[in-house]
Amino acid sequence: MRRIRDMHPLSVTVFFVCVTMLAMSVSHPAVTAASLVLSMLLFTVLKGAKSIRTHILILIFFIIFTLINPVISHKGSTVLFMVNDTPVTLESLLYGLNAAAGLCSVFYWVFSFSAVMDSERMLCVFGLISPRAALVASCSIRYLTLIKAQYRRTKLSMRAIGLYTDGNIIDLIRGNMRVFSSVIGWALENGIATADSMAARGCGSTKRTAFSVKKFRLGDGIFMAAALMLSALCVACSALGSLKITFYPKTVLAPADAAGFIGIASFILLAVMPSAIETGVKLKWRRSMSEV
Amino acid sequence: MAATRLRFKEVLKYIAVLAFIPAIAAAGSLVFDEQRHILVSLAVAAAALGVFFLGYEKKQVGTRRLVVTAIMTSLCLFGRFIPVIKPVAALVILTGVYLGCETGFLTGALTALISNFWFGQGPWTAFMMLALGLVGFFSGALSKVLIKNRPLLIVFGAVCGAAYSMIMDVWTVLWYAKGFSPKLYLAAVGTSIPYLLSYCVSNVVFLVILSKPVGDKLMRVKIKYGV
């Protein structure tokens with residue numbers, strides 16, 4: 001077993017897409033609660049002490065999201081209290097709470113995904129779909145740094161010959177526009193030279209393939225297959241109507257049956273997988289370190 | 001013969017897309033307990049992007065055009081780091097107008113994809129990619145009119161800014177309520193008016209300033225190097 005970071009980007013992406021989609025689409029409170037807790041756990045496991053700021057931010061979002069719904073929606077039969085002759089209902093509060101848990105868990109999943117995937121891993125996945133577009137993307141990331149450097153250089157030389165001043169806002173804008181315009185010309189001209197040398201080395205002579213140092217190993221395959229199977233199970237149970245919840249006019253959960261139980265269990269299993277792998281690998285590492 | 005086969009393939013492609021989207025919509029409303037517009041719209045966005053990228057893979061594209069696309073993308077990326085008024089959409093529009101639909105779409109979509117490495121990836125990336133890509137696509141489609149008529153280009157830029165903001169408001173509503181509700185949409189449009197204005201203003205400002213120098217440069221590259 002390897003850490004999530006070291007797994008093949010494709011299986012990591014498949015996992016996060018599955019879990020995020022389920023978190024967005026299944027609104028059974030058991031699933032949203034599990035999603036919130038487990039996504040929070042994963043983010044904490046990945047980031048450690050650095051995660052505290054994000055937790056605070058998401059807590060604020062959670063409160064806002066919970067309170068928006070009772071303010072704008074007055075459906076529901078159980079009136080809690082009246083504000084300016086408009087009722088605030090229990091049902092709309094519960095709906096807001098459930099929606100907030102779902103949304104915040106999506107935030108956590110997305111943040112964990114960003115913590116695991118960097119641009120190189122993303123380009124690896126993108127290259128599987130379209131090698132040529134991935135080439136364009138990686139070229140443009142390279143050109144971004146070149147353009148930044150050239151921008152600074154051009155600005156300095158323009159200042160030296162008196163074409164760039166930042167005394168007032170008009171001068172600042174005009175100067176930056178002049179620099180930007182010159183950088184565009186430079187980049188296009190430079191790009192043509194690059195393109196010609198790429199063509200001279202055989203770019204475009206056959207179909208492009210994407211290269212990546214990442215190998216797809218057995219563990220990646222198992223992880224991906226498990227993610228797909230568990231989410232398919234959860235979707236199937238949802239299709240049977242066992243994960244249904246209606247809020248208006250009264251909060252009604254679908255009667256608990258085998259399908260509902262399987263659906264919730266498979267979601268929990270799916271969501272707990274990455275944190276379990278991360279923790280397992282960490283423990284193993286610590287144990288083997290203490291043996292040394 | 002070859003031409004008819006090509007056309008047949010094109011027709012097949014459109015039929016596949018047109019059949020695919022209702023199929024996703026139907027599946028989305030059948031499988032989940034409510035009408036999950038959010039899943040359906042994400043699937044549609046992903047499908048549209050997938051169709052484009054697969055088609056792009058099949059096409060003959062010269063290396064020079066490839067690199068020029070990369071450069072326009074990185075200029076847009078560079079522009080996204082400027083605070084408040086951003087030349088991103090203006091540059092995408094100019095790319096579309098001077099280099100065609102496909103390059104415009106690719107530049108817009110890749111700009112959204114790559115810049116979100118810094119601004120935060122998420123399910124919204126697919127929506128942003130499609131929205132910005134379509135800005136490039138439509139400016140390419142209207143290129144014949146826009147290339148000659150500068151005032152129209154600027155009006156088009158303002159419209160694109162508003163359209164982009166309103167498409168992203170659809171996302172905001174779907175994100176919060178899962179399903180689409182007109183009331184929430186109006187509220188979202190209302191709260192995002194500052195953004196809408198900032199998009200419109202920055203598009204207009206940058207198209208006024210940039211359309212001549214950037215247009216000239218792209219035209220020159222196009223004529224001199226045959227991109």
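General remarks:
- Of all residues in the range B:148-164, none are under 30 Å from A:Leu67 (Cα atoms) and in contact with a Lys or Arg (Cβ under 8 Å, 6 or more places away or on another chain).
- Here A:Ala34 meets the list (1) within 14 Å of another protein chain (Cβ to nearest Cβ); (2) out of contact with any Ser or Thr (no Cβ under 7 Å at 6 or more places or on another chain); (3) within 23 Å of A:Cys237 (Cβ to Cβ) almost entirely, failing just condition (1).
- Scanning the range A:49-99 for residues that are without any contact (Cβ under 8 Å) to a residue 12 or more places away in the chain and open to solvent by less than 30 Å² (accessible area, probe 1.4 Å) yields one hit, A:Ser51.
- Residue within the range B:111-130 that is within 12 Å of chain A (Cβ to nearest Cβ), within 20 Å of B:Lys212 (Cβ to Cβ), touching a helix residue (DSSP H, G or I) at 6+ places or on another chain (Cβ under 9 Å) and buried (at least 24 other Cβ atoms within 10 Å of the Cβ) present: no
- Matching option when the condition is surrounded by 24 or more Cβ atoms within 10 Å (Cβ to Cβ) and within 10 Å of chain A (Cβ to nearest Cβ), among B:Val97, B:Val88, B:Val67: B:Val67
- In the set (1) modelled with pLDDT under 90; (2) open to solvent by less than 40 Å² (accessible area, probe 1.4 Å); (3) under 30 Å from B:Gly55 (Cβ atoms), A:Leu188 fails one condition alone, (1).
- Flag not set for A:Ala134, criterion: more than 7 Å from chain B (Cβ to nearest Cβ), surrounded by fewer than 14 Cβ atoms within 10 Å (Cβ to Cβ), at pLDDT 90 or above and within 20 Å of B:Gly62 (Cα to Cα).
- Where helices (runs of 4 or more DSSP H) fall wholly inside the range A:50-140, the ranges with 3 or more residues that are closer than 30 Å to A:Met224 by Cβ and not polar (S, T, N, Q) are A:90-116, A:119-129.
- Out of B:Val221, B:Val214, B:Val227, B:Val205, sole residue that is within 10 Å of chain A (Cβ to nearest Cβ) and part of a loop (DSSP other than H, G, I, E, B): B:Val227
- Check on A:Val31, touching a Phe, Trp or Tyr at 6+ places or on another chain (Cβ under 9 Å), in a helix (DSSP H, G or I) and buried (at least 23 other Cβ atoms within 10 Å of the Cβ): yes
- Of all residues in the range A:241-290, those that are in a helix (DSSP H, G or I) and either within 18 Å of A:Thr20 (Cα to Cα) or hydrophobic (A, V, I, L, M, F, W, C) (or both) total 23.
- Just one of the numbered conditions (1) open to solvent by 10 Å² or more (accessible area, probe 1.4 Å); (2) closer than 25 Å to A:Cys139 by Cβ; (3) in contact with a helix residue (DSSP H, G or I) (Cβ under 8 Å, 6 or more places away or on another chain) is not true of B:Ile82: (3).
- Going through (1) without any contact (Cβ under 8 Å) to a residue 24 or more places away in the chain; (2) over 29 Å from A:Ser27 (Cα atoms); (3) in contact with a Ser or Thr (Cβ under 8 Å, 6 or more places away or on another chain) one by one, A:Ser205 falls short only on (3).
Listed here are the residues, each with its yes/no results for (1) more than 29 Å from A:Ser77 (Cα to Cα); (2) surrounded by fewer than 18 Cβ atoms within 10 Å (Cβ to Cβ); (3) within 14 Å of chain B (Cβ to nearest Cβ).
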| position | (1), (2), (3) |
| --- | --- |
| A:Ala232 | yes, yes, yes |
| A:Ser242 | no, no, yes |
| A:Tyr248 | no, yes, yes |
| A:Ser266 | yes, no, no |
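- Matching entry among A:Arg201, A:Arg159, A:Arg217 (being open to solvent by 50 Å² or more (accessible area, probe 1.4 Å) and under 30 Å from A:Ser266 (Cα atoms)): A:Arg217
- The conditions of being out of contact with any Asp or Glu (no Cβ under 9 Å at 6 or more places or on another chain), under 18 Å from B:Leu132 (Cα atoms) and in a helix (DSSP H, G or I) are met by B:Val155.
The values are calculated or read from the model by the stated rules, or taken from the named source; none is laboratory data. This structure is a prediction, so every number in the text was calculated from the model and none was measured. Using ideal geometry, Cβ is built from the backbone for each residue, glycine included, and neighbour counts are taken over all protein chains shown. Remember, those area values only see protein heavy atoms, side chains included, never the ligands or the DNA or RNA. Shrake-Rupley method; radii C 1.70, N 1.55, O 1.52, S 1.80 Å.
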